[in-house]
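Notes to accompany the following structure.
The values are calculated or read from the model by the stated rules, or taken from the named source; none is laboratory data. Predicted model only: the values in this text are computed from it and were never measured. So basically every Cβ, Gly included, is an ideal-geometry build from the backbone, and we count neighbours across all protein chains shown. Calculation scope for accessible area: heavy atoms of the full protein, side chains included, ligands and nucleic acids excluded. Shrake-Rupley method; radii C 1.70, N 1.55, O 1.52, S 1.80 Å.
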Amino acid sequence: MGCGSSVAIDTRRLTPEVTAKIPSPALTMKAAILIQRWYRRYIARLEMRQRYTWNIFQSIEYAGEQDQLQLSSFFSFMLDNFTQLSGNGPVVNPQTDRARLTNHEQIIVPESYNGPRLTFPLTVSQTDALLTAFKNQQQLHGRFVLQLLQETKKLLRQMPNVVYFSTPYAKEITICGDLHGRLDDLLLIFYKNGLPSAETPYVFNGDFVDRGKKSVEILILLFAYLLLYPDHMHLNRGNHEDHIMNLRYGFTKEVMQKYKTHGRDILKLIQEVFSLLPLATVIDNKVLVVHGGISDVTDLDFLRSIERHKVKSAMRFPRCTPEHTQVARSSRAPLWSRPESPLCDSRRSEGKTTKKRHCHITRQGSGSSSSSSSSSLMCSPRGSLHPCLTPHPCPSASMPSLTDAFQAPFLDSFSALLVPLPSREEVEWKQVVDLLWSDPKSQPGCRPNTFRGGGCYFGPDVTRRLLEKHALSLLIRSHECKREGYELCHDGQVITIFSASNYYEEGSNRGAYIKLGQELVPRFFQYQVSHTTRKLTLMQRVRVGEGSAVRALQEKLFAHRSELMAAFQHYDTSNSGCISVSEWAVVVESVLRMDLPWRTLRPRLARLAPDGMVEYQSCFEDMGPGQPIPQVSPNFAETLYRYRTDLEIIFNIIDKDHSGQISTEEFRQTWRLFSAHLGVEVDNKAIDDLARTMDFNKDGSIDFNEFLEAFRVVHKLDSKDQQEC
């Protein structure tokens with residue numbers, strides 16, 4: 001019997017007993033409706049679980065970015081001053097450094113090297129060789145990487161801040177969003193859409209690096225095609241094309257692991273190349289392409305005139321010079337600091353009324369400036385790092401002590417009292433930050449981006465005004481992961497495009513790219529790199545993503561255990577170990593400040609008692625330390641858990657040769673600097689004891705990777721969880 005054939009049943013030949021068992025059409029319809037309702041409820045529940053999983057991933061990601069922004073001044077201080085202050089680093093000669101970077105021809109390539117060998121100008125056969133090599137897990141030799149970067153730097157120097165070009169006649173231009181080191185996504189785009197060429201022009205809209213493991217390969221390919229087709233390959237700068245971001249999110253580490261000999265020189269050259277990337281692209285004078293977004297003071301005419309290479313990092317505030325260090329008390333603040341000023345819009349007043357507020361850790365360093373300012377440090381708008389909200393003063397040229405020099409740039413209350421007039425560099429920096437960090441929101445107006453901590457939220461009215469001012473019709477941006485790879489907002493005038501699939505977890509999201517023809521009507525193409533998800537059912541995919549998100553959230557809870565326990569016990573007046581669900585949700589939100597549906601998440605995070613109250617200590621039962629060190633007190637250990645990533649960044653700054661080893665004295669300085677900045681009181685003896693403990697072979701150095709491994713959260717999965725996995 002063929003598939004799809006039907007059989008007619010002659011009910012006259014059936015017995016009454018059999019006939020009675022055949023459902024009537026009404027019963028059949030009722031059963032179908034019931035099945036349909038069940039299926040819809042089933043899909044709705046899965047969709048709800050996918051949404052809160054997505055919210056967890058996004059909240060954790062933005063919390064990390066906010067932490068990075070809040071510590072950006074500290075990292076800048078270390079990058080600028082640690083070597084000189086510690087007295088153990090080489091004196092850098094810029095001329096010698098520049099000569100070393102340009103003499104790449106003197107680097108000898110061994111005969112055993114069988115990877116691509118580049119000559120310039122590049123040819124199509126060489127870019128094809130690069131593609132083949134990277135598909136086969138081969139690595140480009142450091143000499144050719146340096147040479148490629150030098151050629152890219154020369155080309156980018158000639159490019160304007162805002163690149164204008166037209167779509168080719170009878171052809172389309174392809175616009176891609178964030179790639180974040182995911183080479184498989186880039187290769188899939190090239191496979192589906194074609195390699196860059198005069199017939200297939202591209203715009204890549206920033207965030208090429210970090211998070212993924214193939215950032216180096218992506219940069220090499222993009223820069224190679226830029227050199228091969230400079231009129232048909234366009235690269236915008238993203239907020240991750242930033243050497244301070246690269247310290248936290250993996251690109252610095254990736255370069256040093258892949259190029260142990262020439263890694264430092266490669267990183268220096270990449271930093272210069274990143275600062276030269278164009279800030280925006282305009283297609284056919286109608287479509288604006290920027291990485292993050294805009295603000296109500298974004299001005300394309302002004303952007304065309306800035307010196308973008310001076311903004312090495314959007315996270316480093318411009319240096320003040322004596323010429324413009326005119327300090328004014330808050331009682332007679334200059335025009336630019338007033339709400340009506342075009343340089344400081346309503347974000348100041350809106351920032352003050354932001355509903356969600358958070359408390360800074362009180363900095364308890366020595367000196368009167370610290371103690372006098374601690375009261376005003378206790379509460380400020382979350383992520384209030386925008387210069388319009390917290391202008392940062394210039395550190396004194398004479399640094400009397402390490403602590404004073406370290407603290408001065410980070411005292412928000414001191415910044416509020418001393419308001420320097422803005423230099424042109426500060427105004428330029430502000431415009432760049434808004435382009436790289438901002439996000440669209442449905443509410444009108446422009447206000448601080450409290451979720452990320454940098455840039456702003458811009459509403460549909462802000463979009464409309466900018467497009468009308470410059471006779472544009474569409475804004476295309478990236479910067480935000482979207483489940484479908486793209487999203488339209490502001491009545492279709494803003495499109496978000498994101499090209500890294502599986503960004504949070506395998507199966508978490510699709511990637512996408514846009515094709516624009518001469519009519520400038522966007523066409524969306526979605527894809528998903530898949531290694532295992534095709535073998536999983538929808539329920540299994542949801543469980544995998546949900547499990548990963550919940551584990552990450554449990555680590556957050558564990559890292560804030562003492563704060564949470566103190567808040568839980570405040571509500572637990574009878575010392576029963578239980579509080580209500582609403583009280584539990586209030587406490588978790590007030591401590592973690594992640595704006596998540598805690599009541600919905602509670603079954604995955606905490607256990608209920610028979611009376612329906614939450615046994616709050618159950619939040620921490622499934623987690624424990626990786627390799628606990630007996631000499632470390634529980635409170636000190638929790639601090640190390642919480643700031644593990646930040647300590648790793650500081651270590652990477654100090655570990656100039658990236659040997660993985662740090663001296664015990666450097667370790668002491670690292671922790672003392674960081675604890676002073678955080679205001680965490682740690683006994684010097686505890687630090688010394690920890691340093692001696694970690695020096696396993698007593699050679700005066702510490703394997704910092706082993707140290708970090710000791711302060712890692714381990715999940716204790718019970719048998720039920722293991723069966724589900």
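Does segment 439-450 hold any residues that are touching a strand residue (DSSP E or B) at 6+ places or on another chain (Cβ under 8 Å), open to solvent by 20 Å² or more (accessible area, probe 1.4 Å), within 16 Å of ASP491 (Cβ to Cβ) and not small (Gly, Ala, Ser), and which are they? Across segment 439-450, the qualifying residues are LYS441, GLN443.
For segment 29-40, check the following and say yes or no: at least one residue is within 25 Å of SER501 (Cβ to Cβ), in a helix (DSSP H, G or I) and out of contact with any Leu (no Cβ under 7 Å at 6 or more places or on another chain). The answer is no, given that none of the residues of segment 29-40 is within 25 Å of SER501 (Cβ to Cβ), in a helix (DSSP H, G or I) and out of contact with any Leu (no Cβ under 7 Å at 6 or more places or on another chain). Being under 29 Å from ALA129 (Cα atoms), hydrophobic (A, V, I, L, M, F, W, C) and under 18 Å from the mean Cα position of the chain (by Cα) holds for only one residue in PHE223, PHE251, and it is PHE251. Can you confirm whether SER295 is outside any helix (DSSP H, G or I) and not hydrophobic (A, V, I, L, M, F, W, C)? Answer is yes for this residue. Quick check: is even one residue across segment 567-580 open to solvent by 60 Å² or more (accessible area, probe 1.4 Å), aromatic (Phe, Trp, Tyr) and in a helix (DSSP H, G or I)? Yes, the conditions are met somewhere in segment 567-580.
Considering the conditions (1) at pLDDT below 95; (2) under 21 Å from LYS482 (Cα atoms), ILE175 is excluded by exactly one of them, (1).
Selection within segment 499-529: residues that are in a strand (DSSP E or B) and among the charged types (D, E, K, R). The member of this set that is farthest from ASP178 (Cα to Cα) is ARG523.
When SER508, SER530, SER499 are screened for being open to solvent by less than 10 Å² (accessible area, probe 1.4 Å) and of a type in the set (Ser, Thr, Tyr), only SER499 passes.
For beta carbons closer than 9 Å, sequence separation of 6+ or different chains, a first residue in segment 300-316 that is within 13 Å of GLU272 (Cβ to Cβ) and a second that is assigned to a helix (DSSP H, G or I) and open to solvent by 60 Å² or more (accessible area, probe 1.4 Å), the qualifying pairs are HIS309/ARG157; LYS310/GLU425; VAL311/GLU425.
Looking at this structure, is GLU323 under 30 Å from VAL162 (Cα atoms), modelled with pLDDT under 50, in a helix (DSSP H, G or I) and open to solvent by 20 Å² or more (accessible area, probe 1.4 Å)? Yes: the conditions hold for GLU323. Got at least one residue in segment 463-474 being under 27 Å from the mean Cα position of the chain (by Cα), in a strand (DSSP E or B) and of a type outside the set (Val, Ile, Thr)? Yes, some residue in segment 463-474 is under 27 Å from the mean Cα position of the chain (by Cα), in a strand (DSSP E or B) and of a type outside the set (Val, Ile, Thr). Scan segment 115-142 for residues that are open to solvent by 10 Å² or more (accessible area, probe 1.4 Å), under 15 Å from TYR259 (Cα atoms) and within 30 Å of the chain's Cα centre (by Cα) and the total you get is 4.
Matching residues to (1) within 26 Å of LYS515 (Cβ to Cβ); (2) open to solvent by less than 10 Å² (accessible area, probe 1.4 Å); (3) not charged (D, E, K, R):
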residue	(1), (2), (3)
GLY206	yes, yes, yes
ALA224	yes, yes, yes
GLU241	yes, yes, no
TYR249	no, no, yes
ALA280	yes, yes, yes
ASN285	yes, no, yes
SER295	no, yes, yes
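Only a single item in (1) in contact with a strand residue (DSSP E or B) (Cβ under 9 Å, 6 or more places away or on another chain); (2) within 23 Å of PHE57 (Cα to Cα); (3) surrounded by fewer than 19 Cβ atoms within 10 Å (Cβ to Cβ) is not met by ARG604, and it is number (1). Count of segment 451-489 residues, restricted to those that are open to solvent by 30 Å² or more (accessible area, probe 1.4 Å) and among the β-branched types (Val, Ile, Thr), is 0. Taking the criterion of being open to solvent by 10 Å² or more (accessible area, probe 1.4 Å) and either assigned to a helix (DSSP H, G or I) or not polar (S, T, N, Q) (or both), the residues of segment 146-165 that qualify are GLN147, GLN150, GLU151, LYS153, LYS154, LEU155, ARG157, MET159, PRO160, VAL163, TYR164, PHE165. Here's a check for you: in segment 297-307, which residue that is among the charged types (D, E, K, R) and open to solvent by 50 Å² or more (accessible area, probe 1.4 Å) is farthest from MET159 (Cα to Cα)? Among them, the one singled out is ASP301. Checking each residue in segment 254-266 for being crowded, with 18+ Cβ neighbours inside 10 Å and either within 21 Å of the chain's Cα centre (by Cα) or without any contact (Cβ under 8 Å) to a residue 12 or more places away in the chain (or both) picks out GLU254, VAL255, MET256. Note on segment 548-603: among residues that are within 15 Å of TYR52 (Cα to Cα) and among the β-branched types (Val, Ile, Thr), the one that is modelled with the highest pLDDT is THR600.
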